[in-house]
Amino acid sequence: MLPGTSDEWRARLKLLAYNPVKIEVVSFINDQVLPALQEVAVELRQQDPPVEGTQRDDDGRAWPRVGHGEEMDFFYSVRPQPYEPATFAL
């Protein structure tokens, strides 16, 4: 297939113009992000830093907390963030 003849650009353009509603974002965090963060926490535990389990907050944020002893703890965090859609969005 020649470059530029694929429909892949149409799919990317559709995603660019797509604006999910809150319930879709929350569902994505629950179904995709939380399991991925739990896998990250398991892998980190095998490498020995202390990791608190993946937690949820009232604002929808999900995170595991990674302890670094004397250094500041690190958080792998994902949270929903409202934004204004781009002006070119359909």
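The values are calculated or read from the model by the stated rules, or taken from the named source; none is laboratory data. Note that the structure is predicted; figures quoted are calculated from it, not measured. With ideal geometry, Cβ positions are generated from the backbone for all residues, glycine too; neighbour counts draw on all protein chains shown. SASA here: full protein model, heavy atoms, side chains in, ligands and nucleic acids out. Shrake-Rupley method; radii C 1.70, N 1.55, O 1.52, S 1.80 Å.
Structure data summary
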| item | result |
| --- | --- |
| Binned Cα-Cα distances of the chain, short to long, each 5 Å bin given as a whole percent | 3, 12, 17, 15, 13, 12, 10, 10, 6, 3, 0 |
| In order through segment 22-35: 3J(HN,Hα) via Karplus (6.51 cos²θ - 1.76 cosθ + 1.60), integer Hz, x for Gly, Pro | 4, 4, 5, 5, 4, 4, 4, 5, 5, 8, 10, 6, 4, x |
| Dipole magnitude of the chain about its Cα centre (Cβ charges: Lys, Arg +1; Asp, Glu -1), debye to nearest 20 | 460 |
| With DNA, RNA and ligands ignored, accessible area of TYR18 (1.4 Å probe; Å², nearest 10) | 110 |
| Charge tally in the Cβ shell below 11 Å around PRO50, where Lys, Arg are +1 and Asp, Glu are -1, PRO50 excluded | -1 |
| Over the chain, relative contact order from alpha-carbon pairs under 8 Å, at least 6 apart, % | 25 |
| Helix-derived mean residue ellipticity, 222 nm - over the chain, DSSP H n ≥ 4, -39500 (n - 2.57), to 500 | -10000 deg cm²/dmol |
| Virtual spin-label span in nm between GLU84 and SER6, 7 Å along Cα→Cβ | 3.5 |
| Gain on full stretching of the segment that runs from LEU13 to ARG65 - 0.36 nm per residue minus C-alpha separation | 15.2 nm |
| Potential extension, GLN46-LYS22 segment - 0.36 nm per residue separation minus Cα distance | 5.2 nm |
| Gain upon complete extension [TYR76, ASN30; 0.36 nm per residue less C-alpha separation] | 15.0 nm |
| Loop-located GluC sites (Glu not before Pro) in the chain, at most 11 other Cβ atoms within 10 Å (DSSP) | GLU70 |
